[in-house]
Protein chains: 4
Amino acid sequence: MRLALIGAGRIGRIHARNIATHPDAELALVADPVAGAADAVAAPLGVRTSADVADAYTADDVDAVVICSPTPFHVEHITGAIAAGKAVLVEKPVDLDLARVDECIAAIAGAEHRVMVAFNRRFDTGNALVQRRLAEGEIGPLEQLTIVSRDPAPPPASYIAQSGGIFRDMTIHDFDLARFLLGDFVEVHAMGQRLDSGIAAAGDFSAAVVTMSTATGAVATIINSRHCATGYDQRIEAFGESGSLETVNQLTSTVRYSGPSTSGAASPYLDFFLERYADAYRAELDAFLRAIGDGVAPSPSIFDGREALLLADAATRSATTGERVRVAPRTHPKEPNP
Amino acid sequence: MRLALIGAGRIGRIHARNIATHPDAELALVADPVAGAADAVAAPLGVRTSADVADAYTADDVDAVVICSPTPFHVEHITGAIAAGKAVLVEKPVDLDLARVDECIAAIAGAEHRVMVAFNRRFDTGNALVQRRLAEGEIGPLEQLTIVSRDPAPPPASYIAQSGGIFRDMTIHDFDLARFLLGDFVEVHAMGQRLDSGIAAAGDFSAAVVTMSTATGAVATIINSRHCATGYDQRIEAFGESGSLETVNQLTSTVRYSGPSTSGAASPYLDFFLERYADAYRAELDAFLRAIGDGVAPSPSIFDGREALLLADAATRSATTGERVRVAPRTHPKEPNP
Amino acid sequence: MRLALIGAGRIGRIHARNIATHPDAELALVADPVAGAADAVAAPLGVRTSADVADAYTADDVDAVVICSPTPFHVEHITGAIAAGKAVLVEKPVDLDLARVDECIAAIAGAEHRVMVAFNRRFDTGNALVQRRLAEGEIGPLEQLTIVSRDPAPPPASYIAQSGGIFRDMTIHDFDLARFLLGDFVEVHAMGQRLDSGIAAAGDFSAAVVTMSTATGAVATIINSRHCATGYDQRIEAFGESGSLETVNQLTSTVRYSGPSTSGAASPYLDFFLERYADAYRAELDAFLRAIGDGVAPSPSIFDGREALLLADAATRSATTGERVRVAPRTHPKEPNP
Amino acid sequence: MRLALIGAGRIGRIHARNIATHPDAELALVADPVAGAADAVAAPLGVRTSADVADAYTADDVDAVVICSPTPFHVEHITGAIAAGKAVLVEKPVDLDLARVDECIAAIAGAEHRVMVAFNRRFDTGNALVQRRLAEGEIGPLEQLTIVSRDPAPPPASYIAQSGGIFRDMTIHDFDLARFLLGDFVEVHAMGQRLDSGIAAAGDFSAAVVTMSTATGAVATIINSRHCATGYDQRIEAFGESGSLETVNQLTSTVRYSGPSTSGAASPYLDFFLERYADAYRAELDAFLRAIGDGVAPSPSIFDGREALLLADAATRSATTGERVRVAPRTHPKEPNP
């Protein structure tokens, strides 16, 4: 499959390299209106570039578009690519505004099965294995899911300002992961923490604890922080009727130190998402290529993108008002057909 | 110090044995109105018994009373013992009704420093060490505290019926532990889970997730379940500005198995509180003896007992109404003076 | 059962306390010729004392003798007690001289089933569980056994001088543990290390690695050191045809620290044998009481004590000469009958 | 740097891919006399091939040769390449015959600094970090080194037959790793195990335990097995005067299961060396490119290759005769100069 990349930033660079080294994919074009950005990514790979993203739609040698542009452009690029008959892999979130996401879904009606949203954590080996073992019934019905997700250090103030807030920017991954493992939620409560004065000044929370319940009474707890001294803290615990499955952090080395005051002291966690989810990004691309290649609706779908945002909106409201918020997940086709 | 025991049930038996083997304590009397109960505990230890608890107050050879009677009798036994000039170690909770606890505090005015509430988890080596290392600033200000507390199996329906509900009966320990590590809380949210039909029929929750915030913005999360396939799941994670401290479960053996499909498979958790907190019960008794012996107010105090119940009440309301509940902890003397 | 204790030193004190608190045992007498030694142990327990060990043999209210005297007196005390019709639990090693052990066995002929040698590690929960799971075939035939045994710090020079050398004094435990798990060995190689100048001056090794093979080709490796910065390092790994079983160290707390440069840093190991094997000493006493009470030959037997010493002799010779030494374990009755 | 690959088997394929994706390297030629072998590796990478390995020497566009031919051809290919002015990265072992290795060293006299031997484990992140931290003195002088190295399953009989025996084929890696961490050894003892009838029929051992001492009294223990139910078991423990450093196995996932009879049950080990040391192979190539590019002698050198074989010969003799064998490591320039 031949792909064009729209947006040559940090995450675009990852996708570009993964496409270039995937045996079944070819990177045909890198498009980015920012001067020099596309070249920086494309030149080492010997790929042509364009400053006009529309070139990705019109190119004859492009089957699918990977959208890594800034969030406000996602909807435009999704609809443009779909209209041009291309399949789409779009970075999360689809948009910060639920209404716009719904407009986007309406606009691409009939082609929903051609869009995949890049929730990379579903493709983490550990998370995927937990999901599979849950589905196989290894621990019985899942009753309590705990997701710990802490970034190593806060992003710059400029990033915070346009991020849509911690729930839409950071927790969005955890909302999707919770849905991946537990399905839809009907109630959301969020307790936001303003422990970082810079982030608080921007009107945002630097940490939060979210609890959400499903219609069948399972509860997911998400513990977020914008900093963690030990690195990128990424763990889940799935507690079920007859056992539990957890994932542990990946560490920077296999070495453990024991001395007079400690034993088994391990290395810190991997530092951040580019390292921690390097394999997941490759698996995600692979899943996209296979789904589109087979004419099957990819997962996570644009509907998954919408529902995660719905939860983020609810959490934002809960953290602000102190209310527990009821949400009404929309019923989407489980696997939208071509 | 010479002690009398009131209430010769399961937990009374533990205290009796610990008193009997403590070098600085002597068990003078076991009192229990239930026919035969006192004898069963006292006989093997060669201790005299009584079917009248008032004998514990009037006995000249008794300095302090350990109250292990059913919860509804705690207040009566506290006030009786204090009026008779005895010091008191009372099992948790002080009472299921906050108003009665406040009456009790009023009734013993001037002798608050003679009462200790038996929140055994403060005396667990791991919890106590986390508290000490937090106090020493090892991980900076504590930002997020997570307490996982799951019983191996639900109690009988008869127990549930008179327990006061999961928050007053089970979570009460976690409320106190959270206060031990983080101080007072100002907001409480609880999501109850009705996953066990028997417990639900009794109007109670079989599991719950509580989130609580302090005035300075720290958040504690408590994850409870009335069952856990692997045993008594008792862990905390204290996440601070510059690091974290966690405790791991105690296991039934040091053996780990590796085979074709697994590596490092350890033994299950210790089964329940009598084993898991055996050392803590001894340390608790020791702390009581030392405090009373030194004329120092013991900790946890009856005020700690009250504040834990305040949080339990708030959690009960939150779980029922769906509201986040503000609480107003009373200011008590940190260490009530003699 | 009524017991007398001969030898009121460090290990005698442990046995005295365990006897005193065992429901089926009674400590009738503590005998030690060293002035004041017996009193120091016996007085707090309200037990009578004697400066003449022979009193332990002649006392009518004594069924069995626990021998904790210095090693050179073990044989005399074993034969004396057996001649007087008492059962015997004797501390390891039986003697430092194999010929004397054989004389002792000859002298007590017909009463071997009345003597147990106190190899406490067989009664460690972890080791005992590994043995049981091996016997149940969980990992198939045992092929490679690795025992790590490191003391926290070297004993004083005076102790080293009369210890019989590292193999007879320290490794003797590991020889017995290896036999407990693998049976008899036919070849022994030992590489001694002279890393401590004081110990080297005494003609002894401060560390050693022993490899031994069984007739069926299994190999046990023992790694010893007279010091370990992290505490008392006590672990085994049993590697079998279809899996492995290992034991991990017991730690001083359940707390783990994570910070900027480390994750999951646990507490040090328990410091030394009195703490590490506290439960094992109790289980050992219990096994002795049950075996003697039931008229069954206790395990480990005096034959086990002999075979461990045989391996220690072989290791001593190997470490000195550089040769691999063949040993001829004597065939003893597996369970000597009354 | 432009490289030719000689030998397009399993390990050659790994090197080919790593060269092709290394930013500073270019794969110019794949040479293998076996019909089709070179093509299978070279075609997907768009690289030219030859059935004549001499083409690797004469090619103008080749700066260095990576030798992955069968062991008996290594010396010929090393000397050929060196004579032609190419640098060399040669797979281990240099040869199975120490005399031939010495002839090879003599033959390339003056160009030793142009040859690196591919002991991949030195480049494993964990091992390299242990070496660095040892060198920094973190645990004081290293006293006892334990290397556990177990393959998941035995190779075919045909491989065993021409392998040179377990010590020259498998333990050779551990000998080099031990030298990497502890320097030269002066005494070697090996206990071979014949637990696999097929391997025994071929005159070889299926498992072994080697102990080796250095001139300063440190001891290394190597525990090898040709099978391991849990996967590729690769661990070391470096025990020093003031602490220890160990590496733990890499697992197939981060997931841990807890249930009624187990807790924290992790996934098996990575299956074998291609996966386990994938990063190490890349780091090894990188080290080679940097050393040769900088005109610095690469490490491990051909002298390291010789000394590892010397230990393998000693171990072979020890396992066969039962003697502890003294070895006389040759003094080589630590870092042979250009």
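At a glance:
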item	result
Filter result for B:LEU29 (of a type in the set (A, V, I, L, M, F, W, C), touching a Ser or Thr at 6+ places or on another chain (Cβ under 8 Å) and within 28 Å of C:PRO23 (Cβ to Cβ))	yes
Given (1) surrounded by fewer than 18 Cβ atoms within 10 Å (Cβ to Cβ); (2) modelled with pLDDT of 95 or more; (3) in contact with a strand residue (DSSP E or B) (Cβ under 8 Å, 6 or more places away or on another chain), number of the condition D:GLU323 does not satisfy	(2)
Within the stretch D:238-250, tally of residues that are out of contact with any Lys or Arg (no Cβ under 9 Å at 6 or more places or on another chain) and crowded, with 21+ Cβ neighbours inside 10 Å	2
Residue among C:ASN127, C:ASN120 that is within 30 Å of C:ASN18 (Cα to Cα), within 14 Å of chain B (Cβ to nearest Cβ), crowded, with 18+ Cβ neighbours inside 10 Å and among the polar types (S, T, N, Q)	C:ASN127
Considering residues of the stretch B:82-100 that are small (Gly, Ala, Ser) and free of Cβ contacts under 8 Å to residues at least 40 places away in the same chain only, the residue surrounded by the most Cβ atoms within 10 Å (Cβ to Cβ)	B:ALA84
Unique match (being in contact with a helix residue (DSSP H, G or I) (Cβ under 6 Å, 6 or more places away or on another chain) and closer than 26 Å to B:ASP184 by Cβ) among B:LEU285, B:LEU270, B:LEU309	B:LEU309
Flag for A:LEU177 being among the hydrophobic types (A, V, I, L, M, F, W, C), touching a Gly at 6+ places or on another chain (Cβ under 9 Å) and over 26 Å from B:THR321 (Cβ atoms)	no
Qualifying position, being in contact with a Ser or Thr (Cβ under 9 Å, 6 or more places away or on another chain) and among the aliphatic types (A, V, I, L, M), among D:ALA315, D:ALA319, D:ALA328, D:ALA278	D:ALA315
Flag if A:VAL209 is within 14 Å of chain C (Cβ to nearest Cβ) and closer than 30 Å to A:SER267 by Cβ	no
Search result, residues across the stretch B:267-312 that are closer than 23 Å to B:SER149 by Cα, in contact (Cβ under 8 Å) with a residue 40 or more places away in the chain, among the small types (Gly, Ala, Ser) and in a loop (DSSP other than H, G, I, E, B)	B:SER299
Where B:ARG13 falls short, out of the listed (1) free of Cβ contacts under 8 Å to residues at least 12 places away in the same chain; (2) touching a helix residue (DSSP H, G or I) at 6+ places or on another chain (Cβ under 6 Å)	(1)
Residue within the stretch D:221-234 that is farther than 26 Å from D:VAL327 by Cβ, in a strand (DSSP E or B), at the interface with another protein chain (Cβ under 8 Å from one of its Cβ atoms) and at pLDDT 95 or above present	no
Pairs with Cβ under 9 Å, 6+ apart, first in the stretch A:181-195 and facing chain B (nearest Cβ under 7 Å) and closer than 15 Å to A:ARG326 by Cα, second crowded, with 24+ Cβ neighbours inside 10 Å and not small (Gly, Ala, Ser)	A:HIS189/A:VAL209; A:HIS189/A:VAL210; A:HIS189/A:THR211; A:HIS189/A:MET212; A:HIS189/B:HIS189; A:HIS189/B:MET191; A:HIS189/B:THR211
Filtered residues of the stretch A:55-80 (kept if within 24 Å of A:ASP24 (Cα to Cα) and without any contact (Cβ under 8 Å) to a residue 40 or more places away in the chain)	A:TYR57, A:THR58, A:ASP60
Residue count, the stretch C:5-34 (criterion: surrounded by fewer than 24 Cβ atoms within 10 Å (Cβ to Cβ) and more than 15 Å from C:GLU91 (Cα to Cα))	12
Complete set of residues in the stretch D:251-261 that are surrounded by 21 or more Cβ atoms within 10 Å (Cβ to Cβ) and among the β-branched types (Val, Ile, Thr)	D:THR254, D:VAL255
Checklist (1) at pLDDT below 95; (2) crowded, with 24+ Cβ neighbours inside 10 Å applied to A:PRO70, failing item	(2)
In the stretch B:130-153, the residues that are in contact with a Lys or Arg (Cβ under 7 Å, 6 or more places away or on another chain) and away from chain A (no Cβ under 12 Å)	B:ASP151
Hits in the stretch A:208-217 (condition: in contact with a helix residue (DSSP H, G or I) (Cβ under 8 Å, 6 or more places away or on another chain) and either buried (at least 24 other Cβ atoms within 10 Å of the Cβ) or free of Cβ contacts under 8 Å to residues at least 24 places away in the same chain (or both))	A:ALA208, A:VAL210, A:MET212
Members of the stretch B:167-201 found to be over 22 Å from A:THR214 (Cα atoms) and of a type in the set (A, V, I, L, M, F, W, C), listed by number	B:MET170, B:ILE172, B:PHE175, B:LEU177, B:ALA178, B:PHE180, B:LEU181, B:LEU182, B:PHE185, B:VAL186
Test: residue in the stretch D:281-302 that is at the interface with another protein chain (Cβ under 8 Å from one of its Cβ atoms) and farther than 24 Å from D:ARG13 by Cβ	no
Residue satisfying all of: in the stretch D:240-254; assigned to a strand (DSSP E or B) and more than 9 Å from chain A (Cβ to nearest Cβ); farthest from A:ARG235 (Cα to Cα) among these	D:GLY240
Odd one out for A:ALA265 among (1) within 14 Å of chain D (Cβ to nearest Cβ); (2) surrounded by fewer than 24 Cβ atoms within 10 Å (Cβ to Cβ); (3) within 22 Å of the chain's Cα centre (by Cα)	(3)
Residue list for the stretch D:79-108, filter: acidic (Asp, Glu), out of contact with any strand residue (DSSP E or B) (no Cβ under 8 Å at 6 or more places or on another chain) and either modelled with pLDDT under 95 or closer than 23 Å to D:PHE273 by Cβ (or both)	D:ASP95
Residue check for B:ASP271: within 14 Å of chain D (Cβ to nearest Cβ), within 30 Å of B:THR254 (Cβ to Cβ), surrounded by fewer than 18 Cβ atoms within 10 Å (Cβ to Cβ) and not small (Gly, Ala, Ser)	yes
Subset of the stretch A:247-281 (residues that are in contact with a Pro (Cβ under 8 Å, 6 or more places away or on another chain), farther than 22 Å from D:ASN127 by Cα and hydroxyl-bearing (Ser, Thr, Tyr))	A:SER261
All positions within the stretch B:255-266 that are outside any strand (DSSP E or B) and among the small types (Gly, Ala, Ser)	B:SER261
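The values are calculated or read from the model by the stated rules, or taken from the named source; none is laboratory data. Computed from a prediction, not measured in an experiment: that's the story for all the values here. Don't worry about glycine lacking a Cβ; one is built from the backbone with ideal geometry, like all the others, and counts go over all protein chains shown.
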